[in-house]
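Shown next, in structure tokens, is the structure this report addresses.
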Amino acid sequence: MPTDRLLIVPDAHAPYHDERAWRLLKKIGRHFEPHTIIHIGDLADFYTVSSHSKDPTRIQQLEDELLIVRGLRADLDRLGAKRKVFIEGNHEDRLRRYLQDKAPELFSLVSTDRLLGLTANGWEFVPYRSSTKIGKVHFTHDTGHSGKYTTARALETFQHSVVIGHHHACQYMVEGDATGRYRIGAQFGWLGDVKRVDYLHKVKAQRQWSLGCGIGYHERKTGAVYLTPLPFVGYSACVEGKVLSA
């Protein structure tokens with residue numbers, strides 16, 4: 001039965017990504033050879049257009065951020081997937097809010113899609129607070145919740161199988177109903193550098209978040225999608241029985 005291979009890429013928050021974890025992700029992609037790549041959002045941090053108080057020692061020019069983020073997008077392009085889906089995250093949405101509040105004259109001229117070169121390089125672009133569906137599984141960045149119960153709350157929101165990002169945890173849960181039907185909720189960690197987090201205590205981030213990504217197998221005839229978390233353990237991951245290391 002024809003099956004498509006999915007690579008699910010979680011939040012990276014570039015330029016504050018974990019470079020070693022990103023190298024492992026690329027290695028996984030080359031080994032796995034996905035038909036479809038789904039980026040779940042927050043590839044970019046967009047720190048420079050954030051409304052929060054900013055550390056003056058961090059990058060202060062949007063152009064400098066974009067050079068790095070576009071480079072990561074190009075890394076994913078080189079994996080050769082036939083289909084590429086980018087779901088905008090709340091950090092990319094910082095750009096929309098910045099334009100809306102501070103530069104409304106440019107609102108129709110500047111967008112995440114254009115700045116990151118997504119549609120121009122063959123990506124399907126899904127705006128923030130929207131979702132897409134592959135087979136029987138929905139994919140979205142978040143459902144407006146945070147904390148360790150985000151996966152459970154996403155399942156409550158969708159009432160169907162759903163993959164999210166945002167919380168940076170590796171969670172996988174199966175939930176049934178009275179009819180005997182089951183649905184899956186999952187998130188696959190993140191690819192950011194916990195040492196560069198500046199908005200909460202690092203111990204809290206280290207305890208709750210984990211490096212990783214996800215893979216899946218989409219059975220086209222039935223719509224079933226079989227999801228597998230790939231936690232990064234010491235910058236290694238086991239993919240289809242093979243251990244890969246960065």
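The values are calculated or read from the model by the stated rules, or taken from the named source; none is laboratory data. For clarity, every value in this text was computed on a predicted model and none was experimentally measured. Every residue, glycine as well, gets a Cβ built from its backbone with ideal geometry; the counts of neighbours run over all protein chains shown.
Details
- Identity of the residue in region 144-160, within 16 Å of the chain's Cα centre (by Cα) and buried (at least 18 other Cβ atoms within 10 Å of the Cβ), that ends up farthest from Tyr182 (Cα to Cα): Thr150
- Of the residues making up region 105-148, those that are modelled with pLDDT under 95 and under 26 Å from Ile184 (Cα atoms) are Gly144, His145, Ser146, Gly147, Lys148.
- Residue within region 214-227 that is within 27 Å of Pro15 (Cα to Cα), at pLDDT 90 or above and either surrounded by fewer than 18 Cβ atoms within 10 Å (Cβ to Cβ) or among the hydroxyl-bearing types (Ser, Thr, Tyr) (or both) present: no
- Annotation: of all residues in region 195-216 being basic (Lys, Arg) and without any contact (Cβ under 8 Å) to a residue 24 or more places away in the chain, the one that is nearest to Ala21 (Cα to Cα) is Lys195.
- Long-range neighbours under 7 Å by Cβ, at least six apart or interchain, first residue touching a residue at least 40 places away in the same chain (Cβ under 8 Å) and more than 15 Å from Glu19 (Cβ to Cβ) within region 67-81, second in a loop (DSSP other than H, G, I, E, B) and not β-branched (Val, Ile, Thr): Arg70/Gly117; Arg73/Leu43; Arg73/Gly117; Leu79/Pro34; Ala81/Pro34; Ala81/His35
- Filtering Gly165, Gly176 for residues that are touching a strand residue (DSSP E or B) at 6+ places or on another chain (Cβ under 7 Å), at negative phi and at pLDDT below 95 leaves a single hit, Gly176.
- Any pair with Cβ under 9 angstrom, 6 or more apart, that starts in region 87-109 at a residue that is assigned to a helix (DSSP H, G or I) and ends at one that is among the acidic types (Asp, Glu) and surrounded by 10 or more Cβ atoms within 10 Å (Cβ to Cβ): Arg94/Asp45; Arg96/Glu88
- Answer from Gly192, Gly180 - the residue that is exposed (fewer than 13 other Cβ atoms within 10 Å of the Cβ) and either of a type outside the set (Ser, Thr, Tyr) or in contact (Cβ under 8 Å) with a residue 60 or more places away in the chain (or both): Gly180
- When Gly135, Gly185 are screened for being more than 16 Å from Gly41 (Cβ to Cβ), within 17 Å of the chain's Cα centre (by Cα) and surrounded by 15 or more Cβ atoms within 10 Å (Cβ to Cβ), only Gly185 passes.
- Within the option set Leu72, Leu67, being hydrophobic (A, V, I, L, M, F, W, C), assigned to a helix (DSSP H, G or I) and either surrounded by 15 or more Cβ atoms within 10 Å (Cβ to Cβ) or touching a strand residue (DSSP E or B) at 6+ places or on another chain (Cβ under 8 Å) (or both) holds for one residue only, Leu72.
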